[in-house]
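Trainee: Dumping the structure here so I can ask a few things about it.
We did not get these values from a lab; they are worked out from the coordinates using the rules stated. Everything numeric in this text was worked out from a predicted model, so none of it was measured. Glycine also receives a Cβ, built like all others from the backbone with ideal geometry; neighbour counts cover every protein chain displayed.
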Amino acid sequence: MSAAIAQSEIESTECREQVPVGTGCAKDGGHPKRSQGKLPRVVQGTKRAQTRDTTGEDAPDSGREHGQSPQNACPVEDIDAVSRYWQAHKALLLEPANEVFLDFVRPAFLYDEEPFLDNQTLALLFTDWVLFDFAFFAGRTPLEQFVAHPVDVDGAQLARLRRIADSQFFSRFEILYKDRETGICALTDVRDGHRYDVLDPMLCRKEQWRDGTIGMRIARAAGPWTPVGSCHLYDRAPAHETAVDGPGFVHPEDAQLRPDAAQASFFLRMLRDLIGIDGRYRHTTTIPVEL
């Protein structure tokens, strides 16, 4: 498959301002500028919900049933509270998280190669992975650890966070249609064919994102599925062209070059493919100016 198939565009999610955990420090020599050496390459994948109603019509706490605006179905302040907590306690996981992330992704710009990311963009991607995918606490991610040991959140907020932790996952979705009036877009997961009706006004407003695929993290706190991650990774290529061995999948060459790839999260593998020095699709990845 030609690397030119994937024309990927990285955009930050407009729904909230993520609090970055941080990135590593420089190291000289033949390693990338921010490399911090080696750790065992063990990256835990995201736990996907076992039971998912993809339409959002039958959620037990659906805002539609109680006269609540669907925009309140996944309050952004809930995730922000978790992010702020780990910003204050980043010493617990920053170094090992940096090691795993940089060792696996190997961002090309650290080798003075395209695509060139600024520190803010890298911090957003890194923080998203740390909060949702980095199973550092005996198999728990920082989000799951916070839910297990909550601090300064009320019962309703904790219940929403628990539902987010149980349902959230990152994948690539084929864009079926978008309704700008309601903010609902119909998406199909390229990995398993499940359809999701997702409340995402930002995606619906993007006129140029009419088809192709969108890489994003979604969850269901109450009511419809909504984005909970910090970015949208858009690919204008038709879904069928990247549905088998496209960005984020384990590739045949990984058996020799990257045997730990199967244990990495889909999001981490996709970042490797798009921005990593060895990424299949990095030559066609673009970073919008507004980032």
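Trainee: Using 7 Å Cα-to-Cβ label points, what is the ARG205/ASP154 separation (nm, one decimal)?
Mentor: Label at ARG205, label at ASP154, 2.9 nm between them.
Trainee: Turning to a different aspect of this structure: Using the Karplus curve 6.51 cos²θ - 1.76 cosθ + 1.60 with θ = phi - 60°, work out ³J(HN,Hα) for each residue of the range 205-212 in order, rounded to whole Hz, and write x for Gly and Pro.
Mentor: Karplus values, whole Hz, x for Gly and Pro: 6, 6, 4, 6, 9, 8, 8, x.
Trainee: Also, I was wondering about something else. Taking H as built 1.01 Å from N, whose amide H comes closer than 5 Å to the amide H of ARG258, not counting residues under 5 places away?
Mentor: Sorted by chain and number, the residues that satisfy this come to none at all.
Trainee: Next question, about the same structure. Per-residue HN-Hα couplings for the range 132-145, Karplus 6.51 cos²θ - 1.76 cosθ + 1.60 at θ = phi - 60°, whole Hz, x for Gly and Pro?
Mentor: Each residue of the range 132-145 in turn: 9, 10, 7, 7, 8, 9, 6, x, 9, 7, x, 4, 5, 5 Hz.
Trainee: Take the alpha-carbon positions of the range 75-118, form their convex hull, and give its projected area averaged over all directions (one quarter of the hull surface) in nm².
Mentor: Across all orientations, the range 75-118 yields a mean hull projection of 4.4 nm².
Trainee: Any chance you could run the full-extension gain for ASP245 through ASP80? It's 0.36 nm times the residue separation minus the Cα-Cα distance, nm to one decimal.
Mentor: Once the chain is fully extended between ASP245 and ASP80, it gains 56.0 nm.
Trainee: Could you work out the equivalent-ellipsoid semi-axes for the range 192-291, taking the square root of 5 times each eigenvalue of the Cα gyration tensor, largest first, in whole Å?
Mentor: So the equivalent ellipsoid measures 25, 17, 13 Å along its semi-axes.
Trainee: Taking the range 154-248, which trypsin sites (Lys or Arg not before Pro) meet the DSSP loop condition and have no more than 14 other C-beta atoms within 10 Å?
Mentor: Hits after loop and neighbour filter: ARG180, ARG210.
Trainee: Taking amide H positions as placed 1.01 Å from N in the peptide plane, with prolines and chain starts having none, which residues 5 or more places from ALA221, or on another chain, fall under 5 Å of its amide H?
Mentor: Long-range HN contacts for ALA221: THR226.
Trainee: Still on this structure, I have one more. Could you tell me which GluC sites (Glu not before Pro) in the range 97-201 are loop residues by DSSP with no more than 11 other beta carbons within 10 angstrom of their beta carbon?
Mentor: Qualifying residues, ordered by number: GLU181.
Trainee: Under the classification rounded if a/c is under 1.5, otherwise prolate if a/b is larger than b/c and oblate if not, where does the range 109-209 fall, given a ≥ b ≥ c as square roots of the Cα gyration tensor eigenvalues?
Mentor: Numbers: a/c = 1.91, a/b = 1.15, b/c = 1.66.
The shape class here is oblate.
Trainee: Determine, for each peptide in 115-124, 267-276, the mean count of other beta carbons within 10 angstrom over its residues, then list the peptides with the highest first.
Mentor: Per-residue Cβ counts within 10 Å, averaged per peptide and sorted highest first, yield 267-276, 115-124.
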